[in-house]
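Below: one structure, written as structure tokens.
The values are calculated or read from the model by the stated rules, or taken from the named source; none is laboratory data. Note that the structure is a prediction, hence the values are computed from the model and not measured. Backbone-built Cβ (ideal geometry, glycine too); neighbour counts: all protein chains shown. Each accessible area value is taken on the protein alone, full model and side chains, heavy atoms only, with ligands, DNA and RNA left out. Shrake-Rupley method; radii C 1.70, N 1.55, O 1.52, S 1.80 Å.
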Amino acid sequence: MGKLINRTICSFFFLLPAFAGLQAGNPVSKFNIVFIGNSITYGAGLQNPSTQAPPAIVAKYLNDHQCRVNYANCGVSGSTTVDFLPVSHNLYPRVVKAADTLYHKGVPLFFSITIGTNDSAIKGPNGAPVSPDNYRNNLLTIIDSLIRRYPQSHIVVHQPIWYSPNTHNGALYLAEGLARLQSYTPEIIALAGLRPNRVFVGDRKAFNFFKQNHLQYLTPEKGNSGTFYLHPNVLGATKLGEFWAIALKKDAQRIDR
């Protein structure tokens, strides 16, 4: 997003603790995750994204709660749903490369998707502004392609988090963008209805959490319309990762009920 651009993507991390079992009686003890997202997923602004970005926190949380998780972080700063469309041949091939590595017989594969911040911008990112209908259609295109390639996979789509209504860096967001971002939530819910038991609505609590606690958990950034709040700081990335992890754990349990 804006000036925080980093093209180091699809980093792989293999975490195999000695214990097993999500909880007593639940057979899902091990699963793999490919994270798809933008700079928030990547961990832009953090000193060490490989250990501090939300996907790293998800893995740590799950492994600390009796799961065995391998994952790949395919978050890319500045990206939109348009960038991840298969026909664009832009970021989608890198997701496929990551998924090919993590797709194993007997090990559930989840795609954790959190994208939409850049789609909501007034101008700047590729394809922005993306209407709610196009946002849903873009995600559905990506999801259907992933399901065809990886028939045993599942997709969890998290609600994008809040940003301040004066957000304006290399791209223009402002209140109009924030309103558009919130209009994407019903489209995420609709996706789960269109692909039942394959697509799940992920976290929906982080948006309000960051709205209410942005001074503590988001990094103040100097912009063209004053100091704005968009990217989680270290504490914020930890909180966001925990929100995602709780949702992913819940959905992992659902597939074996």
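Residue-wise test of (1) more than 17 Å from the chain's Cα centre (by Cα); (2) β-branched (Val, Ile, Thr); (3) closer than 23 Å to Asn224 by Cα; (4) at pLDDT 95 or above.
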site: Leu140; (1), (2), (3), (4): no, no, no, yes
site: Gln152; (1), (2), (3), (4): yes, no, no, no
site: Ile161; (1), (2), (3), (4): no, yes, yes, yes
site: Gly170; (1), (2), (3), (4): yes, no, yes, no
site: Tyr184; (1), (2), (3), (4): no, no, no, yes
site: Arg204; (1), (2), (3), (4): no, no, no, yes
site: Phe210; (1), (2), (3), (4): no, no, yes, yes
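In the stretch 88-105, what count of residues is obtained for those that are in a helix (DSSP H, G or I) and either surrounded by 18 or more Cβ atoms within 10 Å (Cβ to Cβ) or touching a residue at least 40 places away in the same chain (Cβ under 8 Å) (or both)?
Here the count works out to 9.
Consider the stretch 204-251. How many of its residues are touching a Ser or Thr at 6+ places or on another chain (Cβ under 6 Å) and open to solvent by 10 Å² or more (accessible area, probe 1.4 Å)?
Qualifying residue count for the region: 3.
Could you list all residues from the stretch 126-162 that are of a type in the set (Ser, Thr, Tyr), buried (at least 16 other Cβ atoms within 10 Å of the Cβ) and not in a helix (DSSP H, G or I)?
Tyr150, Ser153
Would you mention how many residues in the stretch 64-85 are open to solvent by 10 Å² or more (accessible area, probe 1.4 Å), outside any strand (DSSP E or B) and under 20 Å from Ile246 (Cα atoms)?
Adding up the residues that qualify gives 3.
Please work out if Asn169 is over 15 Å from Ile115 (Cα atoms), surrounded by fewer than 17 Cβ atoms within 10 Å (Cβ to Cβ), in contact (Cβ under 8 Å) with a residue 40 or more places away in the chain and not hydroxyl-bearing (Ser, Thr, Tyr).
The answer is no for Asn169.
Is it the case that Phe35 is in a strand (DSSP E or B), modelled with pLDDT of 95 or more and within 20 Å of Pro232 (Cβ to Cβ)?
Answer is yes for this residue.
Kindly provide the set of residues from the stretch 44-63 that are hydroxyl-bearing (Ser, Thr, Tyr) and surrounded by fewer than 20 Cβ atoms within 10 Å (Cβ to Cβ), ordered by number.
Ser50, Thr51 - these are the residues of the stretch 44-63 that are hydroxyl-bearing (Ser, Thr, Tyr) and surrounded by fewer than 20 Cβ atoms within 10 Å (Cβ to Cβ).
Residues that are among the charged types (D, E, K, R), in contact (Cβ under 8 Å) with a residue 12 or more places away in the chain and open to solvent by less than 40 Å² (accessible area, probe 1.4 Å): does the stretch 182-198 have at least one?
Yes, there is a match, as at least one residue in the stretch 182-198 is among the charged types (D, E, K, R), in contact (Cβ under 8 Å) with a residue 12 or more places away in the chain and open to solvent by less than 40 Å² (accessible area, probe 1.4 Å).
Go through the stretch 109-125 and give me each residue that's within 18 Å of the chain's Cα centre (by Cα) and open to solvent by 10 Å² or more (accessible area, probe 1.4 Å).
If the condition is that a residue be within 18 Å of the chain's Cα centre (by Cα) and open to solvent by 10 Å² or more (accessible area, probe 1.4 Å), then Thr114, Pro125 are the ones that fit.
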